[in-house]
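Engineer: Here you go, one structure.
The values are calculated or read from the model by the stated rules, or taken from the named source; none is laboratory data. Predicted, not measured: the structure shown is a model, and the values here were computed from it. All Cβ positions, even for glycine, are placed from backbone atoms using ideal geometry, and neighbour counts span all protein chains on display.
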Amino acid sequence: MWGCREPRCERDPPSGVEVANCFSVDGADLCTFSYPITIKKFAHAAEYGILTALLFNALQIHIRRKPHALVVTALAATVFASSDEWHQTFVPGRDASLRDLGIDALGVVGVALWLALSEKKSEAFRTFI
């Protein structure tokens, strides 16, 4: 299930120590499992969604009109996702994929829409009061 190379992993998810080993300096040699592809792709979309929210929070201070800040944020996050895919072409054993870029962009667009809708609701609430 977890893509682990050890028999015990068929029944148990990886421990925190195993996950930490994968992100250490020598992680590639110590990593004995891999998460299912759906979890990996959802995590990527979530990462770029979080990036979008953080960029919007930073840019709305400098760009007066919120819709403009949101568009600039979405474009910047998508360009960053594109540069990440391009970077993967230089890493041995990895390659760039338009599908992965699309998944990253879904995270960006999803959070951008959520921010736009929440902004409209808060404006409507402020004018009501």
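Engineer: Working carefully through the options Asp100, Asp95, Asp104, find the one that is more than 19 Å from Leu51 (Cβ to Cβ) and among the charged types (D, E, K, R).
Structural biologist: On the way: Asp100 fails: more than 19 Å from Leu51 (Cβ to Cβ); Asp104 fails: more than 19 Å from Leu51 (Cβ to Cβ).
Testing whether each residue is more than 19 Å from Leu51 (Cβ to Cβ) and among the charged types (D, E, K, R) leaves just Asp95.
Engineer: Is there a residue in the stretch 55-73 that is touching a helix residue (DSSP H, G or I) at 6+ places or on another chain (Cβ under 9 Å), modelled with pLDDT under 85, surrounded by 12 or more Cβ atoms within 10 Å (Cβ to Cβ) and in a helix (DSSP H, G or I)?
Structural biologist: Looking for residues that are touching a helix residue (DSSP H, G or I) at 6+ places or on another chain (Cβ under 9 Å), modelled with pLDDT under 85, surrounded by 12 or more Cβ atoms within 10 Å (Cβ to Cβ) and in a helix (DSSP H, G or I), one finds none in the stretch 55-73, hence no.
Engineer: So, one more: When you go through (1) assigned to a helix (DSSP H, G or I); (2) under 19 Å from the mean Cα position of the chain (by Cα) one by one for Leu117, which number turns out not to apply?
Structural biologist: So the condition that Leu117 fails would be (2).
Engineer: Would you please name the residue that is nearest to Lys120 (Cα to Cα), looking only at residues in the stretch 76-98 that are of a type in the set (A, V, I, L, M, F, W, C) and surrounded by fewer than 12 Cβ atoms within 10 Å (Cβ to Cβ)? Don't jump to the end; show me each part of the working.
Structural biologist: Going residue by residue through the stretch 76-98, those that are of a type in the set (A, V, I, L, M, F, W, C) are 76-77, 79-81, 86, 90-91, 96, 98.
Then drop every residue that is not surrounded by fewer than 12 Cβ atoms within 10 Å (Cβ to Cβ), which leaves 79, 86, 90-91, 98.
Details: Val79: 26, Trp86: 36, Phe90: 42, Val91: 42, Leu98: 32 Å.
If we take residues in the stretch 76-98 being of a type in the set (A, V, I, L, M, F, W, C) and surrounded by fewer than 12 Cβ atoms within 10 Å (Cβ to Cβ), then Val79 is nearest to Lys120 (Cα to Cα).
Engineer: Could you go through the stretch 53-68 and let me know if any residue there is under 14 Å from the mean Cα position of the chain (by Cα), in the same structural domain as Leu113 (by TED's automatic domain parsing) and in contact (Cβ under 8 Å) with a residue 40 or more places away in the chain. Quick ask: steps written out before the conclusion?
Structural biologist: Initial filter on the stretch 53-68 (under 14 Å from the mean Cα position of the chain (by Cα)): 53-55.
Applying the additional criterion that residues be in the same structural domain as Leu113 (by TED's automatic domain parsing) yields 53-55.
Subset that is in contact (Cβ under 8 Å) with a residue 40 or more places away in the chain: 53.
The answer is yes; a qualifying residue exists.
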